[in-house]
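The values are calculated or read from the model by the stated rules, or taken from the named source; none is laboratory data. All values reported here derive from a predicted model rather than from experimental measurement. Using ideal geometry, Cβ is built from the backbone for each residue, glycine included, and neighbour counts are taken over all protein chains shown. Please note that ligands, DNA and RNA were not included when accessible areas were found on the heavy atoms of the full protein model with its side chains. Shrake-Rupley method; radii C 1.70, N 1.55, O 1.52, S 1.80 Å.
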Amino acid sequence: MPATVGVLLLAGGGWYWSTSLVPSTYSVMDMGYADFGGGPEHEHHGSTGTSVADLTGPATGDPDVDVRLEARQQAFDLASGERVEGYTLNGSSPGPEIEATVGDLVQVTLVDVDVSDGITLHWHGVDVPNAEDGVAGVTQDAVEPGEEHVYRFVAEDAGTYWYHSHQVSHEQVEGGLFGTLVVRPPAAAGDADEPADVVAAVHTYSGRRTIGGRTGLTPVLAEDGAPVRVRLVNTDNGPLRAWVSGGPYRVVAVDGRDVHEPTDVSGEGVLVTAGGRVDLLVTAPARVDAGAGTAVVVGPEGVEVPADPEPQERVDLLSYGGPAALPFDPDQADRRFEYRIGRRIGLVDGEPGFWWTINGHLFPDVPMFHVTEGDVVRMTISNDSGGVHPMHLHGHHAVVLSRNGVAATGSPWWVDSLNVADGDSYEIAFLADNPGLWMDHCHNLDHAADGLVAHLAYAGITEPYRVGGSHDNAPE
Ligand SMILES: [Cu+2]
């Protein structure tokens, strides 16, 4: 090969290599390229405007729920006794179950006792004000050992939620730095007619599937014939397939939003998106299996409910339940975005690999979705990457309009976490009603760490935080 050609090739390769590098510290506002979704364009590197740091919950007022969570990196015993290496909150994983009633001011003081990478807490599915969202380098700095951070927000929507670290999240969440949050409607507080209620957070610790940190069976006492609400929370990276034995059941809520006119289900299981929640209403005696030998068994003391084999079919939320009016008109969309997930060979941060792409682009050269407060936004999320991607937009709930061209006909299907299987294409819509800077990423946290991350930015927002930097902020 002539020397000049070799030099040119080397120079070309060097250019690709250097443009793939991720700076050691940067503002996510400067990532990638602006995408205005066909709507009005605005200044998108604004130095004036409202700072993310100022978009807090109520600064004053006595909290109705006041929790202090101390995070440690340690070996600990699961509720079922097995010893694992990971992270705890107040000495256990999952951390404490936080309970609130709609309208409550929730205050959580997060203390990093000895987690050397630093920590945060993200309120998954709770559409909190931006500064309470708990994303290191985006909405706050990571909380370092010896430091604490106070989160304050009003619990506005009843439902099943969870909280987890959003600093080095692919390690910390898998290692157990999470817990659940349940917000109940005011009428339910102390109402004897309300069904019994159990939270079933499914998590795999070092290869051990658990419910509430327990391998095997989790008994829940209930009289024969009593309705029981089982709140499934999928805290793992992959989709959870659950099913019910012992009689028909109903899917009464998805991602913290009630299903309208749910109907009885038999012979079908449910899929819970990674990061997502599905609330089931079962009648005792019943058994809810979450795979790998884990199950919640509901009934009188000592009851045994044989497990049916896992059904082949699963409830299709596209057509389940009855339709209801939406709070906005998706046909009057102000912006339309595409979030097309693929995979190709290339360089990310100088490393050759077979990387996820967004609209054909590799991290960090990915779209920044820009909106203005009040916009009705449509987004098509499609996946041709060979993997499953649980897509999670922070700070908003979106309604599913269609899958693979088939329009939704059931209850409005609201999601904060949507399982997008390989080959699938979903159209969703949401109202841009929560100003700030929000992650819009894959909740298979290993995929996020590999660059399947974009952001939604509102006009007029400024970003004081930096990924990297002196706090080593590393949200993924
Ligand atoms: Cu993914």
>> Taking only Cα atoms of region 65-188, what ratio of Rg to Rh do you get with Rh as the Kirkwood inverse-distance radius?
In response: 0.97
> By how many degrees, 0 to 90 and rounded to 10, does the Cα axis of helix 3-20 deviate from the longest principal axis of the chain?
Replying inline: 40
>> Per residue, how large is the accessible surface of the chain? Use a 1.4 angstrom probe and give square angstrom.
In response: 40
>> Report the rotationally averaged projected area of region 277-391 based on its alpha-carbon convex hull, in square nanometres.
In response: 12.5
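Can you tell me the order of 452-460, 220-228 when each peptide is scored by its average per-residue count of other Cβ atoms within 10 angstrom, highest first?
On the way: 452-460: 22.6, 220-228: 16.0.
Ranked from most to least packed, the peptides come out as 452-460, 220-228.
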> Using a simple spin-label model with points 7 Å from Cα along the Cα→Cβ vector, what separation in nm is obtained for H42 and H260?
Replying inline: 3.0
>> Two decimals, Cα atoms only, Kirkwood Rh: what is Rg/Rh over the chain?
In response: 0.97
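In a shell of Cβ-Cβ distance under 11 Å around V182, excluding V182 itself, what net charge do Lys and Arg (+1) and Asp and Glu (-1) give? Walk me through the numbers on the way to the answer.
Details: positive: R184, R229, R231, R277; negative: E97, E99, D197, D279.
Neighbourhood net charge equals 0.
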> Got a sec? Which residues in region 333-353 would a label at W17 touch, if it sits 7 Å along Cα→Cβ and we count backbone N under 12 Å?
Replying inline: 350-352
> Non-local amide H neighbours of H124 (under 5 Å, H modeled in plane, Pro and chain starts lacking H): which ones?
Replying inline: W162, Y163, H164
>> Please list log₁₀ I(q)/I(0) at q = 0.29 Å⁻¹ for region 128-173, using the Debye equation with identical point scatterers on the alpha-carbon positions.
In response: -1.24
>> Please list, in order along region 269-276, the HN-Hα scalar couplings obtained from phi with the Karplus expression 6.51 cos²θ - 1.76 cosθ + 1.60 (θ = phi - 60°), rounded to whole Hz, x for Gly and Pro.
In response: x, 10, 10, 10, 4, 4, x, x
> Using only the Cα atoms, what convex hull volume per residue in Å³ does region 196-299 have?
Replying inline: 84
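Just order 383-392, 116-125 by mean Cβ neighbour count inside 10 Å, highest at the front, would you?
Values: 383-392: 21.1, 116-125: 24.4.
Averaged packing, sorted descending, gives the order 116-125, 383-392.
Could you list the square roots of 5 times each eigenvalue of the Cα gyration tensor of region 57-137, that is, the equivalent ellipsoid semi-axes, sorted largest first and rounded to whole Å? Don't skip to the end; give the middle numbers.
Working: eigenvalues 133, 47, 25 Å².
Over the Cα atoms of region 57-137, the ellipsoid semi-axes are 26, 15, 11 Å.
With a 1.4 Å probe and all protein chains left in place, how much of the accessible area of the chain comes from carbon and sulfur atoms, in whole percent? If you can, show how the numbers build up before the last one.
Numbers: 9370 of 18910 Å².
Within the chain, the accessible surface is 50 percent carbon and sulfur.
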> Calculated from DSSP H runs of 4 or more alone, at -39500 (n - 2.57) each and per residue, what is the 222 nm mean residue ellipticity of the chain, nearest 500?
Replying inline: -1500 deg cm²/dmol
> Tell me, what is the FRET efficiency for T50 and D446 to the nearest 0.05, using R0 = 22 angstrom and their Cβ-Cβ distance as r?
Replying inline: 0.05
> Sorted by packing (mean other beta-carbon atoms within 10 Å per residue), highest first, where do 251-258, 331-338 land?
Replying inline: 251-258, 331-338
>> Could you tell me the center-to-center distance, by alpha carbons, between region 136-188 and region 385-451 in angstrom?
In response: 20
> Near the amide H of V252, under 5 Å away, which other amide H atoms are found, from residues 5 or more places off or on another chain, if H is placed in the peptide plane?
Replying inline: D279, L280, L281
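If R₀ is 30 angstrom, what is the calculated FRET efficiency for the pair S319 and A79, using the beta carbon separation as r and rounding to 0.05?
Plugging the Cβ-Cβ distance into 1/(1 + (r/R0)^6) gives 0.20.
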